[in-house]
Amino acid sequence: MLNIKDEKGIALVMALILLAVLSILAVAMVSLGRYETNFLIKERLSDSALYIADGGVEYAINELQKDTSYRGPTTYSVGNAGQFTVSVSTNGQPANYYEITSVGYVPNATNPQETRTVNSVVNIVPGTPPYAVGAKDGITVASNITVKGDLRSDGQIVLGNNVFIEPSSAGASDGSIYTSTTIAKGVWITGNLYMQPGREIKSRGPTNASQGGDTPGTGVYQESRISSGNPLIVEGDTSADTNPLGSYSSVDFTQLDNMDKVVYGSYMNYESNETFDLAGKVHKFTQGVRFSSNITFTGEGTIWVSGGSGHSYGLELCSNVFGPDGGYADVNLIVSGGTWNEADIKINSNVKINGLISGSTEVDANSNVAIQGVIESGGTVNINSNVTIQWGEFGFQVPVVGSPATTVVMSWREL
Amino acid sequence: MSKFKNRILDDTDMRFRSKGFSYIELALALTIITLIVLAFAQLFIRSSISVKGMGFQTLAYSFAADKMEEIKNEAFEAIGGPWYPNIWQTESESQSGTTFTRNVRISGLENSLKRVDIEVIWTEQGQSRSIEVSSLIVDKW
C-alpha cells in the first residue's frame, strides 16, 4: 500500500531533477553559443554581400556613363568574394535618371548563402562640349562680345572689336582660341582683343617666321590688336590642342529621340506675347518653328527641329525671349536637318538662354543675347554685338556624345 | 542480561546489513559523472573557442570594412598603386592581443572602374586565418 509519508528515495528523485535542470541549462548555454556563432557568420557573409551589391551599382554606373542605353541584367563575379546581378530601369524616372537594382550574392548567385539587395537612383548628367563656341567651318565674332570659355574651330576665326575671351570660372584653364585650319589668317584679330594671362591662341596656319612677320599670310594675324593678357601665340601648331574635331554636333540624336517628346508635324509659328511651357520634354518640330516677340518659356526642355524647308530659319527666336520673370530660359535649341534660306538657328535680340544651341550648318546670334551653355555649328557661327556666352552646364539635360558625363547619386537604399 | 546481549547482537547485525553505496556503485557513479562533465566541458571549450574565433572574425571584418569605406571616399585617381595581385597597401593593428594584418589590392578593370579586394590575416590557435571583402568603385565624372 502506498504510503505518501514515506520519504525513502526522495534524495534520488531530487538529485535526478537537479541533474536534469543543470543539463538543460548546459545544453541551452551551448546552443546559445552556437546560435551566436552562426549569427555572426551569417552577419559577416551578409555584410560581404552588401559590398558586392554596392559594387554592382558602381558597375552599372560605369556602363551607363559609357552608354545610357545599358539596362542589364548582368551577373558579374567580384574576385572570389561573390557575385552580383545588376539591372537598370528608367520607368517612372525623369530624363537622365536611372534606377539601378543590384543583388549581391555570397559566395555565388547559383548557391547563395547570403544575399543583399541595393537600389539606387542616379542622374547621369550628359557632358558639356569642351568649348563655349565651336564651329566646323568658322566663327565670326563682331563687337562687344564676351566669351567665357574656349573658341574652337576647324575653320577661320574672325574677331571684331572689344572682344573679351575669359575663363569660364575663377581658376578654370579655358579662355583660349584654337583653330586647326592651315590657312593664313586662321585667327584674324580685327579689333581690340582682351584675354587673361596664361591663355593661348593656336593656329596651324603659317608662322610669322615663315612669312617675315605678322603679315596677312600668317596663321594668327594682327596680334598687335591684343590689348591684354599677353596670350601665348602659336602658329604652325602641331599639338593636340589644334587637332580637328571633325564634328561640332554634340547631340546624341538617337537618345534625344527616345526622350519624352512632343512631335509637331507642320511648321509652327508662335505669335507674340505667348507663354510656351517646355514641360520637361523634347519638342520635336519636323518642319521648323518660329517664336515671335515677347515669348516666355516656362519649365525646361528642348526645342528640336529635325527637318523642313521653305523658311528663312529652321528655328527662329525673335525679340524679347526669356524665361520666367525675365530670367534665363532653360531650353536647348537644336536643328539637325532641313534646308533653310538663311540659317538653321537665328537668335535675334534681347534673349536669355541657358542651354545648348546646336545647328547643323549655321547659327546666328544678333544683339543683346546672353547664353549660358554652348553655341556650336556643323558649319558656321556668327555672333553680332553685345552677346555674352558663358560656358557651363545646360538648364535642361540633353544627351551628348563624346564628352564625359557627370554622375550624381540621388538615392541609395537597401531593399 | 540476555535482553541486553540480544540487543548488542541485533545492532552488530544491522551494521553488517547496511544499505550504503558499494565500491562498484561509487565507481559507476563517478564514471558517469566524469563522462557527463567531460562532455559538457568539451562542449563549453569548443563553444568558447568558436565564440572567441568569431570575435576575431568580427574584429577582422571591421578592420577590412573601415578600409573599404575609406577607399570609397577617396578620389578615384588616388586609388591605385601596383595592380593586383600586388599589394597596394598593408597595415597591421593589434586588438585583443592578436595582430591583424590588412592587405589592400586594387585591380583596374577599366579606365573608370576598379576592383578593391581587402584581405585581413591573423593567427588563431596557431593557425593562420583570413577574411576578404571586395567591391567595385567607379569614377563618377
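Matching residues to (1) acidic (Asp, Glu); (2) surrounded by 12 or more Cβ atoms within 10 Å (Cβ to Cβ); (3) modelled with pLDDT of 90 or more:
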residue	(1), (2), (3)
A:Val220	no, yes, yes
A:Glu223	yes, yes, yes
A:Pro231	no, yes, yes
A:Val234	no, yes, yes
A:Thr254	no, no, no
With the first residue restricted to segment A:318-340 and required to be surrounded by fewer than 24 Cβ atoms within 10 Å (Cβ to Cβ), and the second required to be part of a helix (DSSP H, G or I), Cβ contacts under 8 Å at 6 or more apart or on different chains are A:Ser336/A:Phe253
Here are the criteria: (1) within 11 Å of chain B (Cβ to nearest Cβ); (2) surrounded by fewer than 15 Cβ atoms within 10 Å (Cβ to Cβ). Tell me which single one A:Ile17 does not satisfy. (1)
Just one of the numbered conditions (1) under 28 Å from A:Asn96 (Cα atoms); (2) at pLDDT 95 or above; (3) not β-branched (Val, Ile, Thr) is not true of A:Trp412; which one? (2)
Test A:Gly72 against the stated conditions and say whether it is in contact with a strand residue (DSSP E or B) (Cβ under 8 Å, 6 or more places away or on another chain) and buried (at least 22 other Cβ atoms within 10 Å of the Cβ). no
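What about A:Trp304, is it over 25 Å from the mean Cα position of the chain (by Cα) and either crowded, with 21+ Cβ neighbours inside 10 Å or within 14 Å of another protein chain (Cβ to nearest Cβ) (or both)?
Details: over 25 Å from the mean Cα position of the chain (by Cα): no; either crowded, with 21+ Cβ neighbours inside 10 Å or within 14 Å of another protein chain (Cβ to nearest Cβ) (or both): yes.
No; evaluated as a whole, the condition is false for this residue.
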Within segment B:45-79, residues at pLDDT below 85, surrounded by fewer than 17 Cβ atoms within 10 Å (Cβ to Cβ) and within 7 Å of chain A (Cβ to nearest Cβ) come out as B:Val51
Residues in segment A:371-389 that are surrounded by 24 or more Cβ atoms within 10 Å (Cβ to Cβ) and over 16 Å from A:Asp344 (Cβ atoms): how many? 3
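A quick yes/no check of all residues on (1) of a type in the set (Gly, Ala, Ser); (2) in contact with a Lys or Arg (Cβ under 8 Å, 6 or more places away or on another chain); (3) in the same structural domain as A:Gln156 (by TED's automatic domain parsing); (4) within 25 Å of A:Ser247 (Cβ to Cβ):
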position: A:Leu315; (1), (2), (3), (4): no, yes, yes, yes
position: A:Asp325; (1), (2), (3), (4): no, no, yes, no
position: A:Gly337; (1), (2), (3), (4): yes, no, yes, yes
position: A:Thr361; (1), (2), (3), (4): no, no, yes, yes
position: A:Gly378; (1), (2), (3), (4): yes, yes, yes, yes
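For segment B:116-131, enumerate the residues that are within 11 Å of another protein chain (Cβ to nearest Cβ) and touching a helix residue (DSSP H, G or I) at 6+ places or on another chain (Cβ under 8 Å).
B:Val116, B:Ile118, B:Glu119, B:Ile131
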Going through segment A:29-51 one residue at a time, which ones are at the interface with chain B (Cβ under 8 Å from one of its Cβ atoms) and touching a strand residue (DSSP E or B) at 6+ places or on another chain (Cβ under 8 Å)? A:Arg44, A:Asp47, A:Ser48, A:Tyr51
Taking the residues in segment A:64-80 that are touching a residue at least 24 places away in the same chain (Cβ under 8 Å) and either in a helix (DSSP H, G or I) or among the aliphatic types (A, V, I, L, M) (or both) as candidates, determine which candidate is farthest from A:Thr254 (Cα to Cα). A:Val78
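At least 2 residues that are of a type in the set (Lys, Arg) in each: list the strands (runs of 3 or more DSSP E) lying fully within segment A:296-369 that qualify. Spell out the reasoning first.
Numbers: elements: A:300-305, A:313-317, A:330-335, A:343-359.
It comes to A:343-359.
Somewhere in segment A:100-117, is a residue surrounded by 19 or more Cβ atoms within 10 Å (Cβ to Cβ) and basic (Lys, Arg)?
yes
Listed here are the residues, each with its yes/no results for (1) over 13 Å from the mean Cα position of the chain (by Cα); (2) in a helix (DSSP H, G or I).
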{"residue": "B:Phe40", "(1), (2)": "yes, yes"}
{"residue": "B:Phe44", "(1), (2)": "no, yes"}
{"residue": "B:Ser47", "(1), (2)": "no, yes"}
{"residue": "B:Ser50", "(1), (2)": "no, yes"}
{"residue": "B:Gly53", "(1), (2)": "no, yes"}
{"residue": "B:Tyr61", "(1), (2)": "yes, yes"}
{"residue": "B:Glu74", "(1), (2)": "yes, no"}
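Please count how many residues of segment B:104-131 are within 19 Å of B:Thr58 (Cβ to Cβ) and not acidic (Asp, Glu).
Taking segment B:104-131 first, the residues within 19 Å of B:Thr58 (Cβ to Cβ) are B:118-125, B:127-131.
Still in the running and not acidic (Asp, Glu): B:118, B:120-123, B:125, B:127-131.
Summing the residues that are within 19 Å of B:Thr58 (Cβ to Cβ) and not acidic (Asp, Glu) in segment B:104-131 gives 11.
Could you check, for segment A:400-407, whether at least one of its residues is on the phi > 0 side of the Ramachandran plot, within 14 Å of chain B (Cβ to nearest Cβ) and not in a strand (DSSP E or B)?
Taking segment A:400-407 first, the residues on the phi > 0 side of the Ramachandran plot are A:402.
Subsequent filtering for residues that are within 14 Å of chain B (Cβ to nearest Cβ) retains A:402.
Now drop any that are not not in a strand (DSSP E or B), which leaves A:402.
Within segment A:400-407, one or more residues are on the phi > 0 side of the Ramachandran plot, within 14 Å of chain B (Cβ to nearest Cβ) and not in a strand (DSSP E or B).
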Selection within segment A:112-170 - of a type in the set (Lys, Arg), touching a Leu at 6+ places or on another chain (Cβ under 8 Å) and part of a strand (DSSP E or B): A:Arg116, A:Arg152
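Would a scan of segment A:85-97 turn up a residue that is within 14 Å of chain B (Cβ to nearest Cβ), surrounded by fewer than 21 Cβ atoms within 10 Å (Cβ to Cβ) and not aliphatic (A, V, I, L, M)?
Yes, because at least one residue in segment A:85-97 is within 14 Å of chain B (Cβ to nearest Cβ), surrounded by fewer than 21 Cβ atoms within 10 Å (Cβ to Cβ) and not aliphatic (A, V, I, L, M).
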Which of the residues spanning segment A:183-217 are more than 22 Å from A:Leu245 (Cα to Cα) and crowded, with 22+ Cβ neighbours inside 10 Å? A:Ile189, A:Leu193, A:Met195
In segment A:87-107, anything among the hydrophobic types (A, V, I, L, M, F, W, C) and either within 17 Å of B:Leu109 (Cα to Cα) or part of a loop (DSSP other than H, G, I, E, B) (or both) is listed as A:Ala95
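Residues are listed down the side, and each one gets a yes or a no for (1) buried (at least 21 other Cβ atoms within 10 Å of the Cβ); (2) within 10 Å of another protein chain (Cβ to nearest Cβ); (3) modelled with pLDDT of 85 or more; (4) farther than 13 Å from A:Gly79 by Cβ:
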residue: B:Gly81; (1), (2), (3), (4): no, no, no, yes
residue: B:Ser92; (1), (2), (3), (4): no, no, yes, yes
residue: B:Ser96; (1), (2), (3), (4): no, no, no, yes
residue: B:Phe100; (1), (2), (3), (4): yes, no, yes, yes
residue: B:Leu113; (1), (2), (3), (4): yes, yes, yes, yes
residue: B:Val133; (1), (2), (3), (4): yes, yes, yes, no
residue: B:Ile137; (1), (2), (3), (4): yes, yes, yes, yes
Regarding A:Tyr178, is this residue buried (at least 19 other Cβ atoms within 10 Å of the Cβ) and over 31 Å from the mean Cα position of the chain (by Cα)? no
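The values are calculated or read from the model by the stated rules, or taken from the named source; none is laboratory data. Given the structure is predicted, the values throughout are model-derived calculations rather than measurements. We place every Cβ from the backbone using ideal geometry, glycine too, and count neighbours over all the protein chains shown.
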